[in-house]
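The values are calculated or read from the model by the stated rules, or taken from the named source; none is laboratory data. No experiment lies behind these values; they were computed from the predicted model shown. Virtual Cβ from ideal backbone geometry, glycine too; neighbours counted across all protein chains shown.
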């Protein structure tokens with residue numbers, strides 16, 4: 001599946017950090033960085049860009065802020081082909097806390113928003129462009145957005161300079177035909193923009209949906225090591241790289257960092273396919289109730305979880 | 001995805017038994033049976049039909065033989081809508097050990113064969129038809145078969161009375177486009193036969209490949225509880241049932257038996273997505289080397305396993 005426009009973004013630290021409040025050791029983040037570099041991955045999303053006033057450092061690790069001091073301590077000035085990305089959530093970052101790109105190790109800022117926040121996302125993304133960053137917009141939770149609202153959101157995004165827009169399956173509730181439909185819709189709305197895909201694995205569709213997106217000409221591909229990400233996690237980057245068979249990528253460094261750093265984390269952090277995540281995915285719901293359940297004493301009582309869901313009769 | 005012709009076959013005991021030599025307790029098998037019955041599953045494959053001379057009962061459990069005495073002890077005479085299937089491997093069963101269907105609890109015998117064994121498979125399947133069984137042929141490991149050999153095998157199968165033929169992704173090495181290609185090829189070879197799909201999850205494609213097969217008009221769907229099966233396992237039946245949204249199926253009994261009987265087994269039996277299985281799948285190899293590795297002391301040294309594979313440079 002060689003197509004030179006394809007770029008892979010490893011989101012292990014950013015999306016995986018949702019499972020441990022970004023409490024990764026410097027050694028861990030450095031190991032992921034080195035693996036991405038050696039594997040020829042195009043972008044590494046190293047965390048969220050947030051204002052210090054939005055979260056407490058007592059609760060969350062440094063990768064929730066992506067302060068340049070922390071970044072440089074771990075990856076130096078990153079004079080490498082691997083680009084560094086940080087995600088910005090609307091309302092969690094004050095634009096004045098975003099330094100000019102020339103002063104930062106960060107190359108790209110990805111603005112994540114819900115459809116009703118598109119105006120704010122466009123404004124923030126335009127600001128980041130003016131600051132010298134690569135940008136994109138990740139429009140989240142579209143599986144819950146009605147057609148008219150989605151059309152309006154796409155129209156607003158279509159008018160801005162942001163060159164890349166992501167199809168995001170936030171709840172892991174999409175099958176390949178949903179992905180196909182959305183890619184074609186986004187393509188029509190943005191004939192000149194690059195499209196990206198960010199999938200979740202609640203119904204074990206993340207890899208397949210990413211392949212479907214590739215076939216539909218999506219060129220920015222999000223993935224994580226061993227699928228580490230919120231809840232059921234993401235498209236596993238090692239499966240994606242094995243699929244792409246692109247000479248610019250190497251699989252072995254990814255297998256190595258999985259063995260040494262990611263797989264051991266699975267003993268304590270329960271991402272991946274588990275029944276509560278299947279249930280929220282199949283019901284097209286945010287995984288938060290499943291995450292809370294998995295963390296509780298009754299985490300393995302899947303039947304009780306299913307019955308606790310408001311609309312579970314839809315599945316029963 | 002309602003289509004009345006669709007039938008689901010739970011293969012948990014048969015394919016899952018490859019991971020523990022079919023050493024399941026009667027209680028376990030009865031619980032799976034009851035769950036399938038309550039969930040409205042169409043067929044339960046309860047094991048292999050083998051001759052006693054082919055294996056020792058000291059090594060393998062009763063579900064390697066599917067003797068009617070063992071079956072009736074656990075599921076009685078099965079006067080229910082749930083049909084019972086057993087798989088027969090060429091060379092492991094003497095036809096004289098297959099009783100007439102009227103004397104057996106077994107409803108269906110599925111003959112599994114490699115492409116070079118098709119003549120024997122056809123003969124055995126025809127014999128089973130004469131004994132009164134439903135039958136089908138599962139042509140294994142087709143990802144390793146060249147076009148001329150496959151065409152010959154399909155031609156031979158096309159001439160026999162067997163009403164159902166399975167597309168089998170034995171090594172979990174197929175993407176959806178491979179499934180689509182094979183379904184269309186089999187459909188052309190067998191315009192009047194029912195087609196089935198049996199997928200493995202080495203590259204997390206089992207569920208997606210099953211959905212692709214459904215879209216291509218495949219009506220017999222193999223799946224297992226929590227994907228329990230050899231190596232990376234199968235399409236998880238609970239995800240498939242949630243997808244089908246067919247009023248004849250119920251999800252809750254499956255979630256219940258997973259919670260009580262299947263999920264606890266995961267502590268000791270390592271089926272599911274693991275890096276060694278990814279590597280054999282991506283290399284289109286039998287999982288036996290990965291199974292052996294996972295069982296060894298160096299099971300978590302994924303890099304060494306990758307380097308031990310003959311053609312690993314293809315992936316490196």
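Can you tell me which residue within the stretch A:14-28, out of those that are part of a helix (DSSP H, G or I) and more than 16 Å from the chain's Cα centre (by Cα), is nearest to residue A:249 (Cα to Cα)?
The qualifying residue nearest to residue A:249 (Cα to Cα) is A:28.
If you scan the stretch B:287-316, which residues turn out to be out of contact with any helix residue (DSSP H, G or I) (no Cβ under 7 Å at 6 or more places or on another chain), under 29 Å from residue B:114 (Cα atoms) and in a loop (DSSP other than H, G, I, E, B)?
Correct list: B:296, B:310, B:311.
Taking only the stretch B:183-208 into account, find how many residues are in a helix (DSSP H, G or I) and crowded, with 23+ Cβ neighbours inside 10 Å.
4
Of the residues in the stretch A:221-248, how many are more than 10 Å from chain B (Cβ to nearest Cβ), closer than 13 Å to residue A:10 by Cα and not in a strand (DSSP E or B)?
Residues in the stretch A:221-248 being more than 10 Å from chain B (Cβ to nearest Cβ), closer than 13 Å to residue A:10 by Cα and not in a strand (DSSP E or B): 5 in total.
Could you say which residue among A:142, A:122, A:162, A:118 is assigned by TED's automatic domain parsing to the domain that holds residue A:15, touching a strand residue (DSSP E or B) at 6+ places or on another chain (Cβ under 6 Å), modelled with pLDDT of 95 or more and under 25 Å from residue A:44 (Cα atoms)?
Answer to the selection: A:162.
Residues to consider are B:42, B:77, B:58, B:68; find the one that is under 16 Å from the mean Cα position of the chain (by Cα) and in the same structural domain as residue B:241 (by TED's automatic domain parsing).
Within the list B:42, B:77, B:58, B:68, the selection yields B:42.
Can you tell me how many residues in the stretch A:263-273 are farther than 11 Å from residue A:203 by Cβ and at the interface with chain B (Cβ under 9 Å from one of its Cβ atoms)?
Summing the residues that are farther than 11 Å from residue A:203 by Cβ and at the interface with chain B (Cβ under 9 Å from one of its Cβ atoms) in the stretch A:263-273 gives 3.
When the stretch A:211-220 is examined, which residues are found to be more than 10 Å from chain B (Cβ to nearest Cβ) and over 15 Å from residue A:40 (Cα atoms)?
Scanning the stretch A:211-220 gives A:213, A:214, A:216, A:217, A:218, A:219.
Which of the residues belonging to the stretch B:97-121 are closer than 21 Å to residue B:69 by Cβ and either in a strand (DSSP E or B) or without any contact (Cβ under 8 Å) to a residue 12 or more places away in the chain (or both)?
Selection gives B:108, B:109.
Just checking, how many residues over the stretch A:68-80 are in contact with a helix residue (DSSP H, G or I) (Cβ under 9 Å, 6 or more places away or on another chain) and in contact (Cβ under 8 Å) with a residue 12 or more places away in the chain?
Of the residues in that region, 7 qualify.
Which residues, taken from the stretch A:227-246, are without any contact (Cβ under 8 Å) to a residue 24 or more places away in the chain and surrounded by fewer than 24 Cβ atoms within 10 Å (Cβ to Cβ)?
Listed by number, the list holds a single entry, A:242.
For residue B:253, work out the one condition from (1) more than 8 Å from chain A (Cβ to nearest Cβ); (2) outside any helix (DSSP H, G or I) it doesn't fulfil.
It fails just one condition, (2).
Looking only at the stretch B:259-283, count how many residues are within 18 Å of the chain's Cα centre (by Cα) and either more than 22 Å from residue A:264 (Cα to Cα) or surrounded by 24 or more Cβ atoms within 10 Å (Cβ to Cβ) (or both).
Qualifying residue count for the region: 5.
Of the residues that make up the stretch A:162-175, is at least one at positive phi and within 14 Å of chain B (Cβ to nearest Cβ)?
yes
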